[in-house]
Amino acid sequence: MTDFARYSPAAWQQDGLVVQPEQDPPARPRGRGEIVGAVAVVAVVAVVSFALMPGGVAIAGLLRGVPGGCSASVRDDSIPSQPSPVSREVFGRLVEWWARDCLWFSSTTKRTAHPAFRRIVSMGRAAVPFLLEVLETPGDWDIALAEITGADPVPPSATGRRAETIRAWREWARQRDPVDG
Amino acid sequence: MGEQEDRAHLEAAFPGLVGTTYRIASPCRCDYNCVAFAAGDTSRRWWPHPSRYWPSGCPREPTVGAFIATFQHVGGYGPCTDGTFLPGCEKLAIYADAAGVPTHVARQKGARWHSKLGDAWDILHDLGALEGEQYGRVVGFLARSTRPARNKAKRRRRVRGGPR
C-alpha cells in the first residue's frame, strides 16, 4: 500500500507519487467491453430498484457509496468492510493530487475546497476506510470524514488539535468496527 | 531527503525565495499552521472553520477584517502601515489572494519574517519572497509593543505629571 505518511514532497516525487499538474486525476483508458458491462450493470440496478422499492428514490440509495455516485450528505455510521480496489486506486490518486497542490496552504477554506478533496467527499461511504487509513498523514481528512458521515466525535476542547482529533476518529471507527477499526 | 532538495522544492513553489538568504528553521510539521504560529500557538491549527480552532468571540469568517479583529482580540495587535522593523515592536503581515481571502500570516522576527508554510517547514525569509501564486500578496500589517510594562509606567508618569 502507498505510504501516504511521508511528509517530504521530494520523497513523494522519488516514489513517483507526484503526478503532473492537471485538472483531474489521470483517467484509466476503458475498453469497449468494460463500458458495455458498466452500462448493463446500471440498467440492471435501475430495473431491480424500481421493481423492488417504491419510487425512483431507491436509485439514490443504491448509488450512495459508489465512487462518482451521490454524495452522502446524511448521517451514515456504517463502514464498508471490503472497499473496492478501483476505489482505492482512485482515492490514492486524489490524495496525491491534493497533497501536491495543498502542501503549502494553511487555509482550511482552500484545502477543503480543492477539487480532489471534493471528489473524495463525493465518494461517500466508500471513501471512509481509506480516509481512516490516511488519517495520520497530512491533510484535513477528519473534515472529509465528518462531511461524509455527519458524525462529530471530536470534543470541542480538542478542536484543531491533531493528535486528539485522530484519536477521536479512531475511537469512532473502533466503536463501529471493533475488529478493523 | 537532503536540505538541497528541500530548498529546490521550496523555491519551485515560492520563486521569490531564489537568491535570498532564507533559512529552513524547523522540520515539516502539520499539527499547527501559519495563523497559530503567528499567534504563538504550535499545538493546534487555527482557522475560522467549524473543525479548526478559532478564538471565541472573534468573527469566524475567512476575511482579512476577521483576521485583524482576531489578532487585536487575542494578541493586542493594532493595524500599522508597513513592515519596517522597529525595536520594541512586534509585527504581523497578512497575505491574501486576488479575491482578498487571507492565505497566510507571517510574524516579524528581528529584521526578518518567520512563517509556517502549510504542512511543511517554518522558514525565516524576506517579506516579499512569499508573494506570488501560492499566497498572493501582503495586504496588511499589524503591530504591538513588546514593552507593555514600560509603556504602562510611562503612562502612569504622564498622568501624575512626573518627568518623562
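Values quoted throughout were computed directly from the atomic coordinates according to the rules given, and no laboratory measurement underlies them. Here the structure is a predicted model, which means the values were calculated and not measured. Here the Cβ positions follow ideal geometry from the backbone for every residue, glycine too, while neighbour counts run over all protein chains shown.
Some observations on this one:
- Where both bridge residues fall in segment B:3-161, DSSP classifies roughly 95% of the beta bridges as antiparallel.
- Segment B:R137-B:C80, length gained on full extension (0.36 nm per residue, minus Cα span): 18.9 nm
- Shielding value for A:137-148 is 2, the average number of Cβ atoms from other chains within 10 Å of each residue's Cβ.
- This ranking places A:V95, B:V139 by how few other beta-carbon atoms lie within 10 Å of each, fewest first, which gives B:V139, A:V95.
- Given R0 = 45 Å, the distance between the Cβ atoms of B:T63 and A:D177 translates into a calculated FRET efficiency of 0.65.
- Stretched out straight at 0.36 nm per residue, the stretch from B:R23 to B:E3 would grow longer than its current Cα-Cα span by 6.2 nm.
- Label-to-label distance for B:S145 and B:C89 is 1.3 nm, based on points extended 7 Å past Cα in the beta-carbon direction.
- Rounded if a/c under 1.5, otherwise prolate or oblate - segment B:3-161, Cα gyration tensor axes: prolate
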